[in-house]
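The structure appears right after this line, and notes come after that.
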Amino acid sequence: MHFLLDGDPGHDDMLTLYLAAKHVNVVGLTTTFGNSSVEHTTRNALRCLQMGNLNHIPVAKGSVRPLVNEPRYAPHIHGDTGLDGAELPEATVDIQPLHAVDFIIEQSFKYDDLVLVPTGPLTNVASALIKDPTLAKRLKGISLMGGSLTFGNTTPAAELNIYLDPEAADVVFRSGVPIKMFGLNVTRMANATKERIADIRAIGTPFAATVADLIEYYRMALNKAFGLEGASLHDPLAIAVFIAPELFTLKKMNVQIELNGKLTRGMTVCDYRSSDGRRVKRDDAEFENDSAVVSGFEENVEVAVDM
Ligand code: BDR
Ligand code: CA
């Protein structure tokens, strides 16, 4: 399989990159606004590659803003640059000329086993699916960090990546592409505690020290914002499932994105009733005209329910 990472680095996006580069074939990294502006996240992506000796991985710069919303960022978690906490080396390689959307489409023609791994707002992926309606059929899958089976982190109901561009998420979840979804219900379990950060530092290389400094910054920010003890390493799970699938329990179900709710815009509405192969059919439902009751017929999403 070939993997194209799409994210907004971002502390945990950075770790996704390092994990993927070590274990799987990474064909490129596309960037989006999200944790910070796309200018910042692209600069961070290039610097992370430089620091990891990974300059052979091409970077394509992507979406500046969501499909409909005004852009918003998460400086309270990732700092103003999107990757505060350490000084990374200046990049010696620049972005490649294609826009992220065109890069995604181009790579889908090169590899017939391409998996997209989005770890930020889904704007690039949605834009590519809209620009090339044949793309969905060519993709092997999408494994993403976003949403939740339970609670949100940006609102009570919505997780940041989905909240920042719900319309894009709606396009992606309705695309019919097989999706693996790693939401907050599991990603909050992947914790970099103080002890684990100390273990990374103890490796003793400058690379390990910088990574430890970055995760510690992120841990403190999450502690301040949510009272969490460990740093939630959300994004790496979307690639970890291909390296150590035995760690996760996934269940197929129908997932829809709430676009209108006054309290719930950006929520991933996961139909647990349709999990375990049980399809919720229109004539099974008690209230057959209510779209919230009969949420849909496609169970193209494997939702991580436990790890
Ligand atoms: C997601 O938002 C960002 O803060 C992280 O990088 C992750 O992708 C978690 O809600
Ligand atoms: Ca991210």
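Laboratory data are not the source of any read-out in this text; all were calculated from the coordinates shown. As the structure is a computational prediction, the values presented were derived from the model and not from experiment. Here the Cβ is made from the backbone with ideal geometry for all residues, glycine too, and neighbour counts use every protein chain on show.
In the range 189-206, which residue that is part of a loop (DSSP other than H, G, I, E, B) and in contact with a Gly (Cβ under 9 Å, 6 or more places away or on another chain) is surrounded by the most Cβ atoms within 10 Å (Cβ to Cβ)?
A190
Regarding the range 172-182, can at least one residue be identified that is crowded, with 21+ Cβ neighbours inside 10 Å and within 14 Å of ligand 1 (Cβ to nearest atom)?
Checking the range 172-182: at least one residue is crowded, with 21+ Cβ neighbours inside 10 Å and within 14 Å of ligand 1 (Cβ to nearest atom).
Please determine, by comparing only the residues of the range 123-136 that are surrounded by fewer than 24 Cβ atoms within 10 Å (Cβ to Cβ) and touching a residue at least 12 places away in the same chain (Cβ under 8 Å), which one is nearest to ligand 2 (Cβ to nearest atom).
Looking only at the range 123-136, we keep the residues that are surrounded by fewer than 24 Cβ atoms within 10 Å (Cβ to Cβ), and these are 127, 130-136.
Then keep just the ones that are touching a residue at least 12 places away in the same chain (Cβ under 8 Å); that gives 127, 130-132, 135-136.
Values: S127: 18, I130: 22, K131: 23, D132: 24, L135: 22, A136: 23 Å.
That would be S127.
With the structure loaded, tell me whether V64 is out of contact with any Leu (no Cβ under 6 Å at 6 or more places or on another chain), surrounded by fewer than 24 Cβ atoms within 10 Å (Cβ to Cβ) and closer than 27 Å to D113 by Cβ or whether it fails that test. Explain how you work it out, then say what you get.
Working: out of contact with any Leu (no Cβ under 6 Å at 6 or more places or on another chain): yes; surrounded by fewer than 24 Cβ atoms within 10 Å (Cβ to Cβ): yes; closer than 27 Å to D113 by Cβ: no.
Judged against the criteria, V64 is not a match.
For every residue, the table says whether it meets (1) buried (at least 24 other Cβ atoms within 10 Å of the Cβ); (2) not hydroxyl-bearing (S, T, Y).
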| position | (1), (2) |
| --- | --- |
| A21 | no, yes |
| N25 | no, yes |
| T31 | yes, no |
| G34 | yes, yes |
| S37 | no, no |
| N44 | yes, yes |
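List the residue pairs whose Cβ atoms are under 7 Å apart, where the first residue sits in the range 145-166 and is aromatic (F, W, Y), the second is within 9 Å of ligand 1 (Cβ to nearest atom), and the two are 6 or more positions apart or on different chains.
F151/L184; Y163/T154
Does V241 meet the test of being over 27 Å from E70 (Cα atoms) and within 16 Å of ligand 1 (Cβ to nearest atom)?
Working: over 27 Å from E70 (Cα atoms): yes; within 16 Å of ligand 1 (Cβ to nearest atom): yes.
Yes: the conditions hold for V241.
Identify, by number, the condition in (1) touching a Phe, Trp or Tyr at 6+ places or on another chain (Cβ under 9 Å); (2) within 16 Å of ligand 1 (Cβ to nearest atom); (3) assigned to a loop (DSSP other than H, G, I, E, B) that L54 doesn't meet.
(2)
Mind checking whether some residue in the range 158-165 is surrounded by 19 or more Cβ atoms within 10 Å (Cβ to Cβ) and closer than 19 Å to L17 by Cα?
yes
Answer yes or no: is there a residue in the range 30-40 that is in a helix (DSSP H, G or I), acidic (D, E) and within 11 Å of ligand 2 (Cβ to nearest atom).
So the first thing to find is which residues in the range 30-40 are in a helix (DSSP H, G or I), and the list is 38-40.
Applying the additional criterion that residues be acidic (D, E) yields 39.
Imposing the further condition that a residue be within 11 Å of ligand 2 (Cβ to nearest atom) reduces the set to none.
No, there is no match, as no residue in the range 30-40 is in a helix (DSSP H, G or I), acidic (D, E) and within 11 Å of ligand 2 (Cβ to nearest atom).
With the structure loaded, tell me whether L4 is within 15 Å of ligand 1 (Cβ to nearest atom), crowded, with 18+ Cβ neighbours inside 10 Å and assigned to a strand (DSSP E or B) or whether it fails that test. Write out each step before concluding.
Details: within 15 Å of ligand 1 (Cβ to nearest atom): no; crowded, with 18+ Cβ neighbours inside 10 Å: yes; assigned to a strand (DSSP E or B): yes.
No, not satisfied.
Filter the range 242-269 down to the residues that are under 19 Å from R188 (Cα atoms) and among the polar types (S, T, N, Q), then identify the one that is surrounded by the fewest Cβ atoms within 10 Å (Cβ to Cβ).
The residue in question is T249.
Considering every residue within the range 73-85, establish whether at least one is within 27 Å of F207 (Cβ to Cβ) and of a type in the set (D, E, K, R).
yes
Restricting to the range 239-267, and then to whatever is in contact (Cβ under 8 Å) with a residue 60 or more places away in the chain and under 29 Å from A21 (Cα atoms), can you tell me which residue is farthest from the chain's Cα centre (by Cα)?
From the range 239-267, those in contact (Cβ under 8 Å) with a residue 60 or more places away in the chain are 239-243, 247-248, 250, 255-259, 261, 263-267; that's our starting set.
The next check asks that each one be under 29 Å from A21 (Cα atoms); those that pass are 239-243, 247-248, 250.
Numbers: I239: 10, A240: 12, V241: 13, F242: 15, I243: 17, L247: 18, F248: 17, L250: 17 Å.
Looking at the filtered set, the residue picked out is L247.
Select from the range 7-41 the residues that are aliphatic (A, V, I, L, M), within 12 Å of ligand 1 (Cβ to nearest atom) and in contact with a Pro (Cβ under 6 Å, 6 or more places away or on another chain) and list them in ascending order.
Answer for the range 7-41, where residues must be aliphatic (A, V, I, L, M), within 12 Å of ligand 1 (Cβ to nearest atom) and in contact with a Pro (Cβ under 6 Å, 6 or more places away or on another chain): just L15.
Does any residue of the range 64-86 turn out to be out of contact with any Lys or Arg (no Cβ under 7 Å at 6 or more places or on another chain), within 16 Å of ligand 2 (Cβ to nearest atom) and of a type in the set (K, R)?
Scanning the range 64-86, I find at least one residue that is out of contact with any Lys or Arg (no Cβ under 7 Å at 6 or more places or on another chain), within 16 Å of ligand 2 (Cβ to nearest atom) and of a type in the set (K, R), so the answer is yes.
Hey, Q96 hits all of (1) part of a helix (DSSP H, G or I); (2) surrounded by fewer than 20 Cβ atoms within 10 Å (Cβ to Cβ); (3) out of contact with any Leu (no Cβ under 9 Å at 6 or more places or on another chain); (4) not basic (K, R) but one; which does it fall short on?
(1)
What residue, among those in the range 207-227 that are buried (at least 17 other Cβ atoms within 10 Å of the Cβ) and of a type in the set (A, V, I, L, M), is farthest from ligand 2 (Cβ to nearest atom)?
It comes out as A212.
Sort out which residues of the range 57-80 are within 16 Å of ligand 1 (Cβ to nearest atom) and in contact with a strand residue (DSSP E or B) (Cβ under 8 Å, 6 or more places away or on another chain), and write them in order of number.
Of the range 57-80, the ones within 16 Å of ligand 1 (Cβ to nearest atom) are 62-63, 66, 69, 71-80.
G62, the sole residue that qualifies.
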